[in-house]
1. What relative contact order, as a whole-number percentage, does the chain give when Cα pairs under 8 Å and 6 or more residues apart are counted?
2. For residue 78, which sequence-distant residues (separation of 5 or more, or a different chain) have an amide H within less than 5 Å of its own amide H, given hydrogens modelled in the peptide plane?
3. In degrees from 0 to 90, rounded to the nearest 10, what is the angle of the helix 84-96 Cα long axis to the longest principal axis of the chain?
4. Taking only protein heavy atoms into account and a 1.4 Å probe, give the accessible area per residue of the stretch 60-117 in Å².
5. Protein chains only, probe 1.4 Å: how do 145, 27, 140 rank by accessible area, largest first?
6. Using only the Cα atoms of the stretch 76-222, build the gyration tensor, take square roots of its eigenvalues as a ≥ b ≥ c, and label the shape rounded, prolate or oblate: rounded if a/c is under 1.5, else prolate if a/b is larger than b/c, else oblate.
7. Apply the Karplus curve 6.51 cos²θ - 1.76 cosθ + 1.60, θ = phi - 60°, to the phi angles in the stretch 221-237 and return the couplings in whole Hz, x for Gly and Pro.
8. Does the stretch 94-173 classify as rounded, prolate or oblate by the C-alpha gyration tensor (a ≥ b ≥ c root eigenvalues; a/c under 1.5 gives rounded; else a/b over b/c gives prolate, otherwise oblate)?
Amino acid sequence: MRRRFFVEQFHGGTAILRGDAANHLGRVLRAEPGELFELSDGESLWLARTETVGREEIHFSLMEQLPARAAPLHITLLLAIVKFDRFEWAIEKATELGVDEIVPLIADRSEHGLIAASAKRSQRWERILAESAQQARRLRIPLLRDAVKPREAFGAADGHFRFLLSERSGANPMRALLEPAAAAVQGGGATRVAIAIGPEGGWTDADFSLAAASGFSEAALGANIMRTETAVCAALAAVQYAFGVFRADDDSTISEIAPRKENS
């Protein structure tokens, strides 16, 4: 399976790979002129051949346009800022599991030191998303939004279905919410789903009220209490499965997601 890289744009029959990805391909993978790779600009996908390999740039000629199927889901993840190692692991796995947008949440129970330091991490987070999308052979890199408070994030969420992960006893099992939601999908465009996952200290009563007012349904993942990053994986996998993205019985249900072999 050929490696895939992201470029800023295609120009005529050529493309240029720059930055960290070019350095990785040229110096780590030791690419040479004449090798074939896949390139994406976020909208289209091409088979391309290396022409010149430099330290900062790699020039390609485009050989053949490849099929780029649209995913049947558009998922927005509203994720409270937690300890950075866990947050970064979560957004990496969220990218592999098909998330399209990530909104970092400045929740009342997020650690204030993490919130203050998060502004300096945005470039690192962007790089993590790009590398993960590249490894997962995604068509595009997830969009990283600016960090906002729950009030703003909940109000801006435009999903057809909105779920707020909750540990409260009155929360419905996520399966009970997903099954009727998936059955109601009529087709004709991507289904938009928003998932909100809170901080380690949990949501406040005000957060629950704001979410309910914005159309979010409280959803429980089970009896066990999960860490934030575990909840991200469990929730996204459940949504992908419920809406049929893991099925491959026809073109409309083929996802960008596919198992990949780890590098040995």
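1. Details: 486 pairs, mean separation 55.2, N = 264.
Relative contact order, the chain: 21 percent.
2. It is 103, 195, 196, 197, by chain and number.
3. 70
4. Working: 2320 Å² over 58 residues.
With all protein chains present, the stretch 60-117 gives 40 Å² per residue.
5. Values: 145 110, 27 140, 140 85 Å².
Largest to smallest exposure gives the sequence 27, 145, 140.
6. On the way: a/c = 1.85, a/b = 1.12, b/c = 1.64.
The shape class here is oblate.
7. 8, x, 6, 7, 8, 9, 5, 4, 5, 5, 4, 4, 5, 5, 5, 5, 5
8. In terms of gyration-tensor shape, oblate.
The values are calculated or read from the model by the stated rules, or taken from the named source; none is laboratory data. All values derive from a computational prediction rather than experimental measurement. To get the accessible areas, we keep the full protein, side chains included, count just its heavy atoms, and leave off ligands, DNA and RNA. Shrake-Rupley method; radii C 1.70, N 1.55, O 1.52, S 1.80 Å.
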